[in-house]
1. Between ASP434 and ASP67, take the C-beta separation as r, use R0 = 60 Å, and let me know the FRET efficiency to the nearest 0.05.
2. If you roll a 1.4 Å probe over the chain with all protein chains in place, what percent of the accessible area is carbon or sulfur?
3. To the nearest 10 degrees, how steep is helix 400-412 against the longest Cα principal axis of the chain, on a 0 to 90 scale?
4. Please compute one quarter of the surface area of the Cα convex hull for the stretch 67-140 and express it in square nanometres.
5. What order do you get for 258-269, 360-371 when each peptide is scored by the mean count of other beta carbon atoms within 10 Å, highest first?
6. Have a look at TYR447, LEU203, VAL295 and report the one farthest towards the positive end of the charge dipole of the chain, computed about the Cα centre with Cβ charges (Lys/Arg +1, Asp/Glu -1).
7. Output wanted: per-residue J couplings in Hz (rounded whole) for the stretch 165-173, from phi through Karplus 6.51 cos²θ - 1.76 cosθ + 1.60, θ = phi - 60°, x for Gly and Pro.
8. Would you compute, from DSSP H runs of 4+ residues alone, the mean residue ellipticity of the chain at 222 nm, taking -39500 (n - 2.57) per run and dividing by the full residue count, rounded to the nearest 500?
Amino acid sequence: MGLSAAGMASGLDIAGMTQQLVAAERKPKSDRITNQQKQVNVSLSAYGQVKSSVSAMQSMLEKFGKDEAFNGQKATSDNSDYLSIKATAKAKSGVYNINIQQMAQSHKLMGKELFSADPEASLGSGEMVIKVGDKSMTLNIGEDNDDLSSVVDAINNADDNPGVTATLINTGEEGGSKIVFSTKETGEKNTIEIDTSAMTGQLASLAYKEGMVDSKVEQMQVAQDAKIMIDNFTTVTSSNNTFEDVIEGVTLDLKKLTGTSGSENPETDDIDVKSVKITIESDEKSTKDSLKSFVDSYNNLMGTIDKLTGFDADKEPDDPNRAGALNGDSLTRSVTTQMRNLLNEPIDINGKLYQMSDFGISIQRDGTLELEEDSDKLDDIISENFAVIGQFFAQEDSGFLAKADKLLDSFTDKTDGSLSVKEETLKERQKSLDDDMTELNKRMVAYEDRTYKQFLAMDEAIGQMNNQLSSMMSLMMSFD
């Protein structure tokens, strides 16, 4: 409310006195709420930092699991222009020579006759059955869709299209275009058959079946599987140019044919590259880098927690940086304790127990991890224990990654993770304190109004007393 500067009767600074009383009444209550708000905000920020660090480590460990970081295999091709290769952790080390004898092809047909592109030209009617492999569709061609463009659209847009595409080729000859049919997928099983026995008109000329006599459709490209020979001994085929798990855990992507010798086929005999050598070996560098990343991520987490929970006795008692925002916090200590316990927990691999220290990782007195600094020694450790390292970390359910993910999830899960629950509790407290401040402001407005009215009443009383006193003085003066 607006306050006047002074009492009319008393001359007192009623507005100033009211404001001083309101300020005195507000301060202890406002300070208490403000201090609590600051504490909550600091704690919320600190828990957010801890949760973020825990989540970052959890994300890294999940990525390690997806990338098979601790047991990956490295696969190389000595000529990626002809063949590229990928390997998973299931791949076994070895060297192979691959001859690419045949590339996979789609089936492609072209009608010999020219079809008019005139939208008014009727090309025929009836049922056209198109089959690709063991799938087929039946098109009903009538007056509404018997022109060239409509027939092509009907084939390509059919809901039950078995995997064939129709296109038009303008050969430049008078009379129109030729229709080309091609399969969407490669492989000898994906051959096209066209039955037009129930059709009339020019469209009936598109009938095709392998071995058909006097067909008016010619084969532009035969449906063909890819074919490779491994180590000049084993021949393998695929419906496409990708071979998966022909060699366990390995994917081969064919690019082009390798050469032949004495086949009397100049197209391949003249190719200098007769085979592609592929090598599969343990990816020890990736494992080494992953171990380093793990140690760094863990130490970053411990560094964040140590900073937030630490206490520096050398600082003055009134120094705000003497104690961390979460000094003495049991929940944050629990993160550290449980992670250290997990690091010390042995994991059974084929009946033998292994710990982090077996792989060059040791726990320091301050709780951080240290990776064997001697690179050659670490290389030896990885080389000697490569398969075991992969199992130690990535073993399903009982490996370190699975256990760590379960533990970290108990802190970060959005629903019942302890850090998430703590954050929600603090946010609720934050809202409650905001409500308390809003309520205090309302009470202070009412208190100010009440106090001001009381001072006005006092001023009025003083004015009445002054008037009475003045009257008495005048009366006494009249007796003189």
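1. Numbers: r = 45 Å, r/R0 = 0.75.
Calculated transfer efficiency: 0.85.
2. Values: 12510 of 27190 Å².
Carbon plus sulfur share of accessible area: 46 percent.
3. Its long axis makes an angle of about 40 degrees.
4. 11.1
5. 360-371, 258-269
6. Most positive-ward Cα: TYR447.
7. 10, 9, 9, 10, 10, 8, 7, x, 7
8. Counting only the DSSP helices, I get -15000 deg cm²/dmol.
The values are calculated or read from the model by the stated rules, or taken from the named source; none is laboratory data. For clarity, every value in this text was computed on a predicted model and none was experimentally measured. Using ideal geometry, Cβ is built from the backbone for each residue, glycine included, and neighbour counts are taken over all protein chains shown. Surface accessibility is based on the protein's heavy atoms, side chains included, excluding ligands, DNA and RNA. Shrake-Rupley method; radii C 1.70, N 1.55, O 1.52, S 1.80 Å.
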